[in-house]
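Presented below is the structure to which this report refers.
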Amino acid sequence: MSTSATDTNATLNEITEPEQLNELETLRHSCAHIMAHAISRLWPQAKFGIGPTVENGFYYDIDLPVKLVPEDLKKIEKEMGRVIRENAKFERREHSIPEAIEMFSKMEQPFKVEIVQTLQSQFGATSVSTYQEGEFTDLCRGPHIENAGKIKAFKLMSLAGAYWRGKETNPQLQRIYGTAFLSQAELDEHLNLLEEAKRRDHRKLGKELDLFDFHPVAPGSPFFHPKGTIVYNRLIQYVRDMYAYYKYDEVITPQVFDTVLWKTSGHYENYKDDMYFVAKGVDAAHAGKQNAEEADLAVKPMNCPASTYIFSSHKRSYRDLPLRFADFGRLHRNELSGVTAGLTRVRTFCQDDAHVYCTLDQVEGEMNKIMDMVIKTYTIFDFKIEDLEIYLSTRPAKRIGSDEIWDQAEGALKRILDKMGRPYGIDEGGGAFYGPKIDIKLKDALKRKWQLATMQLDFNLPERFDCSYVGSDNTAHRPVVIHKAVLGSLERFIGVFIEHCAGAFPFWLAPVQCRLIPITETHIPFCEEFGKKLQRLGIRFEVDSRNEKMGLKTREAQMQKIPLMLVVGDREMAESAFAVRKYGAKDSLVMKSDEILDQMIEMNDLPKKPFQI
């Protein structure tokens, strides 16, 4: 993701040197300026904030004398077309700080003046650059396309609100999102994918398929209905089968802890704004202890500190390591209401979370096993392994532990990644506050990237909780801890996977795996008898014995995206068979009952096959 020079979080190097952007980013960066230029013509009183590029497009934050509505986007696009046809050049100029302040003051652009002042006071800048395109001048480090006419395919997408510099005490600006592509064909493909994303929206499908819902009584927290709970529990069972193969032991830990634990772990100092705190007992609650500084207890946002108590419950030897503790504990995080988004960002969730206590020499082997879990899992869920992106996420500004510890941890992960032989990028500052990590992003069917799996290397947790084992030299040593998740948050994974498969779950995961449809009431007993066999095999089924037309019954089964529909009439019953129709198929295939059962058993066991010893 790139940012324009107007981003006040830029480093001094980013201010003084033009950013290296690829061709598409440069085009979008320039299109943001064209949009601002058009807006300055339509509303000369407009005051401009920042206008960075983002993934798949750009935006600009603007203070306008009118409240924009979606219809205004067409008006802005029309004016942008005029600006582009004028084909003015983008011309870069350098200005001293006093010159820039005077220029933007005369232009009555207070946000630009503030940015220039910030660049001087916080980053020591002595000069800034602007780009002029036609009669419009903007503060920017560039780069830009040569002239406006090179923009061939663009579209303004949506409107939003944004506080200046992200602070609620600052003015609220209007944010306009747009996108641009190198060709109209690429833009059309992008817009088609967006329309498909609306059809696949997991919040929409969640209601249509009766999987889950949300209610104001529990903001940002999903209610899973019976069918959604089946999906949820099947995912947990999948992970448990995987754990049996890789020799992980499952544990259960408390939900609420004394704040002493969170202060020891570093969460209180580095994460308390995202935590829920409670007072200890009724008397304390009545005493008004409601904020973090006064609270005695906190609901866990992460499982990691709890595992240290299980590790230290026995005297450990190097022969015991690695110890792998898996915890499906429910977590709570105080997400702002503005960032919660269906299942992909919630306030309460469960992870396929585990903590591996091992020696430094064992880290590489454990990391390779976790990567093996990732590859096998994403293959089972029909994600393209060749599209996986791996990142080494390094130390953030807000962290615990010495630089020497971070050097050791980052160095270890880098060596492991180099040995894996897979290409990877560096996410500077993207690590957890307690350690660096390897993050893995995948692409869904709509080419969107999601970060789900993570492997985090932690030298600080064992130190802070005084965890130790007896080494081969008969002296105490510190273990290291690997935090691992493959699916990540189960809620988030379900949301992502619903959109990836458009709600058409694979047979083994579907809430209802097959629906038996008798043509008349005389065929109902045959369906019920077959249903007993399905029940013994653990197959989830329904019998649609309603006195309705066949067209309605089959259409409803398709709308519910049930993997298999088994229809029986006189001919099928005489042959002990069903007309089998798979979801999405136009035609049916008559199959014997025993053959159907064999295929169902095979499809139901699919996720276990990679983990069978």
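Read the figures in this text as sums done on the coordinates, not as results from a lab. Because the structure is a prediction, the values reported are computed rather than measured. So basically every Cβ, Gly included, is an ideal-geometry build from the backbone, and we count neighbours across all protein chains shown.
Before moving on, here are some points about what is shown:
- Cβ crowding within 10 Å ranks 586, 561 as 586, 561, fewest other Cβ atoms first.
- Sites residue 273 and residue 168, calculated FRET efficiency, Cβ-Cβ separation with R0 25 Å, nearest 0.05: 0.95
- Straight-line cross-link partners of residue 398 among the lysines, defined as a Cα under 28 Å from its Cα and at least 8 positions apart when in the same chain: 167, 263, 272, 289, 300, 414, 437, 441, 449, 484.
- Of all lysines in the structure, the ones whose alpha carbon falls short of 19 Å from that of residue 447, not counting any fewer than 8 places away in one chain, are 198, 384.
- DSSP bridge orientation in the chain - percent antiparallel, rounded to nearest 5: 85 percent
- Residues 330, 395, 319, 234 arranged by fewest to most Cβ contacts within 10 Å: 319, 330, 234, 395
- Ellipsoid semi-axes for the range 12-200, based on the Cα gyration tensor and the rule √(5λ), read 27, 19, 16 Å when sorted largest first.
- Pairwise FRET efficiency - residue 361 versus residue 77, Cβ, R0 = 51 Å, nearest 0.05: 0.25
- Calculated FRET value between residue 229 and residue 192, using beta carbons and R₀ = 35 Å, to 0.05: 0.55
- Near residue 328, once Lys and Arg are set to +1 and Asp and Glu to -1 for all other residues with Cβ below 12 Å from its Cβ, the sum equals -2.
- Residue 535 paired with residue 22, simple spin-label distance in nm, labels 7 Å along Cα-to-beta-carbon: 5.6 nm
- The chain, relative contact order in percent, only Cα pairs under 8 angstrom and at least six apart counted: 10 percent
- Formal net charge of residues neighbouring residue 579 (Cβ-Cβ distance under 10 Å; K, R +1; D, E -1): 0
- Taking other C-beta atoms within 10 Å as the exposure proxy, 455, 603, 371 rank 603, 371, 455 from fewest upward.
- Mean-position separation - Cα centroids, the range 567-593 and the range 72-137, in angstrom: 69 Å
- Ellipsoid equivalent to the range 344-473 - semi-axes via the Cα gyration tensor, in Å: 26, 17, 16
- Number of Lys pairs (Cα under 25 Å; 8 or more positions apart or on different chains) in the range 514-611: 27
- Point-charge dipole on Cβ atoms (K/R +1, D/E -1) for the range 12-200, about Cα centre, debye to 20: 500 debye
- With N as its number of residues, the range 514-611 has a Cα radius of gyration that, divided by 2.2 N^0.38 Å, comes to 1.05.
- Rounded, prolate or oblate (a/c below 1.5 giving rounded, otherwise prolate when a/b exceeds b/c) for the range 481-554 by Cα gyration tensor: oblate
- Counting charges near residue 211 (Lys, Arg +1; Asp, Glu -1) among other residues having Cβ under 15 Å from its Cβ returns a value of +3.
- Dipole in debye (nearest 20) - the range 482-587, about Cα centre, beta carbon charges: Lys, Arg +1; Asp, Glu -1: 360 debye
- Note on residue 549 and residue 382: the extension gain reaches 56.6 nm, defined as 0.36 nm multiplied by sequence separation minus the Cα-Cα distance.
- Comparing Cα centroids, the range 239-279 and the range 450-485 end up 15 angstrom apart.
- For the range 204-223 versus the range 297-346, the spacing of their alpha-carbon centroids is 25 Å.
- Measuring nothing but how far apart in sequence close Cα pairs (under 8 Å, 6+ apart) lie, relative to its length, the range 537-613 scores a relative contact order of 21 percent.
- Shape of the range 301-386, Cα gyration tensor, a/c cut at 1.5: oblate
- Proximal lysines to residue 150, defined as alpha-carbon separation beneath 24 angstrom and excluding residues fewer than eight positions away on the same chain: 74, 75, 78, 89
- Cβ-placed point charges (K, R +1; D, E -1), dipole of the chain about Cα centre in debye, nearest 20: 1060 debye
- Ordering 505, 116, 309 by the projection of their Cα atoms onto the charge dipole of the chain, which places +1 on the Cβ of Lys and Arg and -1 on the Cβ of Asp and Glu, puts 505 at the extreme positive end.
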